[in-house]
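Asker: Please see the structure below; I have some questions.
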Amino acid sequence: MDLEFLANPPEWMEFEGTIDRSADAVFDILADPSKLGLWLKDFKDARWLTEPPHGEGSKRQVKLKLITVEERFLAWEPGKRFAFVMDATSLPIVDAMGEDMRIEPRGENRCHIVWRVAYSPTSIGRAVKPVARMVFGKLFRDSLVALKALAERS
């Protein structure tokens, strides 16, 4: 998978919001795995699978309550873009999945984030699509609200 998959996936969900904090500060929160538990709902653990420095090509593992994924970063542009695809997942509902977070500055201490979750469902994923979209849609919406709250109080 590459950035083209994120731009033109078979299926996607998109979430967006304005945050009263600079684009660089929001990117720093996204890029710091030690802060994931402060905003990513259902978070359990995260660890890097590659050595620093981290950026494009880096890999990490993230464990949530329902799923564990191994991520590979495709875009790492401080203050602008944070995108990755899943190389492995513990839940067989997608053949491919990735996330693309685009951050647009809206002044010195304000930005707008557009968070696209791109995926290609398996036959199991297609069978449970309404429930999966409801569950994961809520997780991403709640996480964006929590990211905004964390960024604005930091």
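Asker: Could you pull out every one of the strands (runs of 3 or more DSSP E) wholly within region 1-101 that has 3 or more residues that are touching a helix residue (DSSP H, G or I) at 6+ places or on another chain (Cβ under 6 Å) and surrounded by fewer than 16 Cβ atoms within 10 Å (Cβ to Cβ)? If you could, list the steps in order and put the result at the bottom.
Answerer: On the way: elements: 11-19, 43-48, 59-64, 68-77, 81-89.
Per the criteria, no element qualifies.
Asker: If you don't mind, another one. Could you tell me whether region 94-111 includes any residue that is out of contact with any strand residue (DSSP E or B) (no Cβ under 8 Å at 6 or more places or on another chain), modelled with pLDDT of 95 or more and among the hydrophobic types (A, V, I, L, M, F, W, C)?
Answerer: no
Asker: Follow-up question, since we're still on this one. Consider only pairs whose beta carbons are under 7 Å apart and that are at least six residues apart or on different chains; among these, list those whose first residue lies in region 11-25 and is under 25 Å from Phe136 (Cα atoms) and without any contact (Cβ under 8 Å) to a residue 12 or more places away in the chain and whose second residue is of a type in the set (A, V, I, L, M) and not in a strand (DSSP E or B).
Answerer: Hits for this filter: zero, empty list.
Asker: Mind listing whichever residues of region 121-154 are touching a helix residue (DSSP H, G or I) at 6+ places or on another chain (Cβ under 8 Å) and at pLDDT 95 or above?
Answerer: Within region 121-154, Ser143, Ala146, Leu147, Ala149, Leu150, Ala151 meet the criteria.
Asker: Something else about it: With respect to Ala75, is the statement that it is over 13 Å from the mean Cα position of the chain (by Cα), more than 17 Å from Met13 (Cα to Cα) and modelled with pLDDT of 95 or more true?
Answerer: Numbers: over 13 Å from the mean Cα position of the chain (by Cα): no; more than 17 Å from Met13 (Cα to Cα): yes; modelled with pLDDT of 95 or more: yes.
In short, no.
Asker: Using beta carbons and a limit of 6 Å, which pairs, at least six apart or on different chains, have the first residue in region 112-127 and under 15 Å from Arg141 (Cα atoms) and the second one of a type in the set (Val, Ile, Thr) and in a strand (DSSP E or B)?
Answerer: Sorted first by the residue in region 112-127, then by its partner, the pairs are His112/Thr18; Ile113/Ile103.
Asker: Pairs only if they're at least six apart or on different chains, beta carbon under 8 angstrom, first in region 67-85 and free of Cβ contacts under 8 Å to residues at least 60 places away in the same chain and under 11 Å from Ile103 (Cβ atoms), second surrounded by fewer than 20 Cβ atoms within 10 Å (Cβ to Cβ) and polar (S, T, N, Q); list them, first residue then second.
Answerer: Gly79/Ser22
Asker: Would you confirm, using the coordinates I've provided, whether Leu64 is on the phi < 0 side of the Ramachandran plot, under 15 Å from the mean Cα position of the chain (by Cα) and of a type in the set (A, V, I, L, M)? So that I can check it myself, show each step before the final result.
Answerer: Values: on the phi < 0 side of the Ramachandran plot: yes; under 15 Å from the mean Cα position of the chain (by Cα): yes; of a type in the set (A, V, I, L, M): yes.
Against the criterion (on the phi < 0 side of the Ramachandran plot, under 15 Å from the mean Cα position of the chain (by Cα) and of a type in the set (A, V, I, L, M)), Leu64 qualifies.
The values are calculated or read from the model by the stated rules, or taken from the named source; none is laboratory data. Everything numeric here is computed off the predicted structure, so don't read it as measured data. Note that we place each Cβ from the backbone using ideal geometry, even for glycine, and neighbour counts take in every protein chain shown.
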